[in-house]
C-alpha cells in the first residue's frame, strides 16, 4: 500500500485565507495569511458555468461580491467583472475572483501548503469538479503541501482513482464524526479527518489518532475554549484568525 507523504502540519491553518482580516478565498486573503506567518491555508474550489475552477465557497454571489445569482451560471469573463473585496472593506475594493490556476501559482510562489476543499453544489457533478481540479493541483504543488478534502464521497473516490495516497493526501470532511467513521477513511486510503470542533468528543478524537489518522478541526476562533482539544490529540485548527492563537497553541505535532 502506498505511503502517505511526510507532511509537517502546522498547528494553525488559515480558514479561507486570513478571512478575519481579508475577503475570504481571495489572493489577498492568502497573502495576508502569509504575512502573518501562516504556512498553510484552507480554500474552497468549485466550477463556473463554463467549467473554469475558481476559489469560492457559496453557490451564490450575493454574500461575497457586488453581484447576484448563481456561480454555476457565470462565465469566466462575467466572474472577472465582479468586485469580491469591497463587501469586506474599501481597502480591498477591486479584488477579483481567483481562478484555481491563479491561486496555485501564488501558493507555489510563497511555498505554502493548502487544504483544498472540493465544494460540490446542488445539481453539480463532484466527479467533474475533481477531474478539473486534481491534475492541476498535483502539477502545481508537491504532495507534502496538499490535502484534498470534501463532504462529497463520490468526488473523493474519483480523486483517489486519479492518484494514490503517496501523491494525493485526502481528508475526510464531516460535521460530526459518525460511529462508523473508519470504513470511509479506509476506502479512500485517507490521510486525515476534518470535523467541526464543537462536535468533537475526546473519545472520538483518541480513536482517530489511535488509528493513525491526522485530525483537523474547523473553525475555532476562541483559543481558550479550544484549549482542551489539543490534549485530545488534534493536529491542526483551521481558524479564521490564527494570530489570536499565537501565544496559546502548542508546537507542531509530530507525524
### Summary
Matching residues in the stretch 50-87 (touching a strand residue (DSSP E or B) at 6+ places or on another chain (Cβ under 8 Å), in contact (Cβ under 8 Å) with a residue 12 or more places away in the chain and in a loop (DSSP other than H, G, I, E, B)) number 5
### Message
Against the condition crowded, with 19+ Cβ neighbours inside 10 Å, within 27 Å of residue 37 (Cβ to Cβ), out of contact with any helix residue (DSSP H, G or I) (no Cβ under 9 Å at 6 or more places or on another chain) and modelled with pLDDT of 95 or more, how does residue 196 come out, does it pass?
### Response
no
### Task
Go through the stretch 213-222 and give me each residue that's buried (at least 19 other Cβ atoms within 10 Å of the Cβ) and either part of a helix (DSSP H, G or I) or in contact (Cβ under 8 Å) with a residue 60 or more places away in the chain (or both).
214, 216, 218
### Query
Identify, please: which residue in the stretch 169-183 is assigned to a loop (DSSP other than H, G, I, E, B) and touching a helix residue (DSSP H, G or I) at 6+ places or on another chain (Cβ under 6 Å) and is, among those, farthest from residue 4 (Cα to Cα)?
176
### Task
Tell me which residues, restricted to the stretch 141-168, are in contact with a strand residue (DSSP E or B) (Cβ under 9 Å, 6 or more places away or on another chain), assigned to a helix (DSSP H, G or I) and surrounded by 16 or more Cβ atoms within 10 Å (Cβ to Cβ).
145, 155, 156, 159, 160
## Note on the structure
residue 186 fails exactly one of (1) over 28 Å from residue 123 (Cα atoms); (2) assigned to a helix (DSSP H, G or I); (3) out of contact with any helix residue (DSSP H, G or I) (no Cβ under 9 Å at 6 or more places or on another chain), namely (1)
### Summary
Subset of the stretch 103-140, residues more than 23 Å from residue 71 (Cα to Cα) and not in a helix (DSSP H, G or I), comes to 111, 112, 113
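Yes/no matrix, rows are residues, columns are (1) in contact with a helix residue (DSSP H, G or I) (Cβ under 7 Å, 6 or more places away or on another chain); (2) surrounded by fewer than 17 Cβ atoms within 10 Å (Cβ to Cβ):
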{"position": "38", "(1), (2)": "yes, no"}
{"position": "50", "(1), (2)": "yes, yes"}
{"position": "53", "(1), (2)": "yes, no"}
{"position": "63", "(1), (2)": "no, yes"}
{"position": "75", "(1), (2)": "no, yes"}
{"position": "84", "(1), (2)": "no, no"}
{"position": "104", "(1), (2)": "yes, no"}
{"position": "108", "(1), (2)": "yes, yes"}
### Filtered residues of the stretch 223-247 (kept if in contact with a helix residue (DSSP H, G or I) (Cβ under 7 Å, 6 or more places away or on another chain), within 24 Å of residue 25 (Cβ to Cβ) and part of a helix (DSSP H, G or I))
223, 226, 244, 245
### Filtered residues of the stretch 169-182 (kept if crowded, with 17+ Cβ neighbours inside 10 Å and out of contact with any strand residue (DSSP E or B) (no Cβ under 6 Å at 6 or more places or on another chain))
181, 182
### Task
Look through the stretch 28-45, keep the residues that are more than 18 Å from residue 95 (Cβ to Cβ) and part of a strand (DSSP E or B), and return whichever of them is farthest from the chain's Cα centre (by Cα).
40
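The values are calculated or read from the model by the stated rules, or taken from the named source; none is laboratory data. Just so you know, these numbers come straight off a predicted model, no measurement behind them. We place every Cβ from the backbone using ideal geometry, glycine too, and count neighbours over all the protein chains shown.
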